[in-house]
Amino acid sequence: MNSLRRRTFLMSPGFLTALSATSAQGANDRIRVAVVGVRGRGRDHVTGMAKANNVQVAAVCDIDQANVERAQAMTVSLGQAKPEGVSDLRKLLENKSIDAVTIATCNHWHALAAIWACQAGKDVYVEKPACHNIFEGRKMVEAARKYNRIVQCGMQSRSIAHKQEAIRLLREGVIGNVYMAKGLCFKRRVSIGRSPDGPVPAGVNYDMWLGPAPLRPFNPNRFHYNWHWFWDYGNGDIGNQGVHELDVARWGLHQTGLPSSVFSDGGKFVYDDDQETPNTQLATFNYGKLRLVFEVRGLLTHSEGSIPREGGNSIGNIFYGSEGYLSVDSTGYQVFLGEKHERVKDVKAKEGIWDTQPHFDNFIAAVRTRKASDLNADIEEGHQSAALCHLANISFRLGRKLKVDPAKRTSAQTVRPTPC
């Protein structure tokens, strides 16, 4: 099946029409959840949903049968009944007893899986980045609204108590008038080397894994996790770890739309390997009187400001204001004021709390209330933050500054980047 025919098949209107039922979920009923993509992050979804209040992990779905079986065993070990195992998402969505779907697939599957789920009457928790490109993100928002679905994006910083507190203080003027945010994604990445094409592993439905992506031979270096570093499936580290910090930066700047211009530069330095995306990238987003600066460093580097180094990584945000600056990361936040940079606040994150569980719990609570406004990271927020990653990557790949019409979004959507 060639690429065009496969894309037509996977997006068949007949399939979508057949799934247009709406599931009903009472406020006090058990919520039956299916987890899609259960090799890595998806197993966190299994754990989080199994721990949520009155939620059953009713099904697990993956293109690799071995992953399905491991996820089934894991669910049982968490004290739940063995879930149904499914390899084809389309079959899963035909199950009217499933109330919600969580998606932890590769980025290129996020939008299609989420839109199909909305059309099938399921609520959705979709991992970050919300989408693989800007157009997809807008369609996800439209689907959520059209089908009246609850759709949460997996940017869990929005549900972490100390980060919520830090953003509240920024809004209250703790550092005066905020004029800039800098996000850091200094996450050490080793070279992926080079690998020849090879046979598809036993038990893997590779054609389904490709889905809407271009048809190409199987290559192990483009598969498990390393898919992040290839444009067909991922968005580089700015769309992997980076989107979390970009979201916090935009949240702190209180920006709900796109910037007026974006410029990004960088490259893949030091390594000679198969990776396509940059391991070093700097992006600047112009919001008029505000600036958002974001940096990716995958090679050896020092930290910046008061963001700590954890295992060789420095990940977080620094907000600059007329009276001082505030830094926030996974370990807590600090406030510095005045010409002497006096530390006036040093708040540590609560220990013993898994940072993602509150976000899962927030999603389940909103599923019960049927209010998208109860979500901490509604799909609109996910789309807007993912769009920053995509704009930066478009600028990087074109090698020029982008001018954006924040209202129409047209200039950002019509640019077609050339391959690196």
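The values are calculated or read from the model by the stated rules, or taken from the named source; none is laboratory data. Values in this document were obtained by computation on a predicted structure and should not be read as measured data. Here the Cβ positions follow ideal geometry from the backbone for every residue, glycine too, while neighbour counts run over all protein chains shown.
Only one of these is at positive phi and assigned by TED's automatic domain parsing to the domain that holds Val296: His228, His254. Name it.
Details: His228 fails: at positive phi.
Unique residue meeting the criteria: His254.
Would you call Val101 under 13 Å from the mean Cα position of the chain (by Cα) and farther than 30 Å from Ser322 by Cβ? Write out each step before concluding.
Numbers: under 13 Å from the mean Cα position of the chain (by Cα): no; farther than 30 Å from Ser322 by Cβ: yes.
Here the answer is no, as Val101 does not meet what is asked.
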For residues that are touching a residue at least 40 places away in the same chain (Cβ under 8 Å) and either closer than 22 Å to Asp88 by Cα or among the aliphatic types (A, V, I, L, M) (or both), tally how many sit in region 47-57.
-> 3
How many residues are under 13 Å from Met208 (Cβ atoms) and under 22 Å from the mean Cα position of the chain (by Cα) if we restrict to region 69-89?
-> 1
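Here are some residues: Arg171, Arg250. Which one is more than 24 Å from Asp64 (Cβ to Cβ) and more than 24 Å from the chain's Cα centre (by Cα)? Show your work before the answer.
Numbers: Arg250 fails: more than 24 Å from the chain's Cα centre (by Cα).
Just one listed residue meets the conditions, Arg171.
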Positions within region 58-76 being outside any helix (DSSP H, G or I), out of contact with any Phe, Trp or Tyr (no Cβ under 6 Å at 6 or more places or on another chain) and either farther than 18 Å from Arg90 by Cα or in contact (Cβ under 8 Å) with a residue 40 or more places away in the chain (or both), in sequence order | Ala58, Asp64
Given the conditions (1) free of Cβ contacts under 8 Å to residues at least 24 places away in the same chain; (2) more than 24 Å from His110 (Cα to Cα); (3) of a type outside the set (Lys, Arg), every one holds for Phe186 apart from (1)
Please state which one of Ala213, Ala249, Ala181 is in contact with a His (Cβ under 7 Å, 6 or more places away or on another chain), outside the structural domain of Ala120 (by TED's automatic domain parsing) and modelled with pLDDT of 95 or more.
-> Ala213
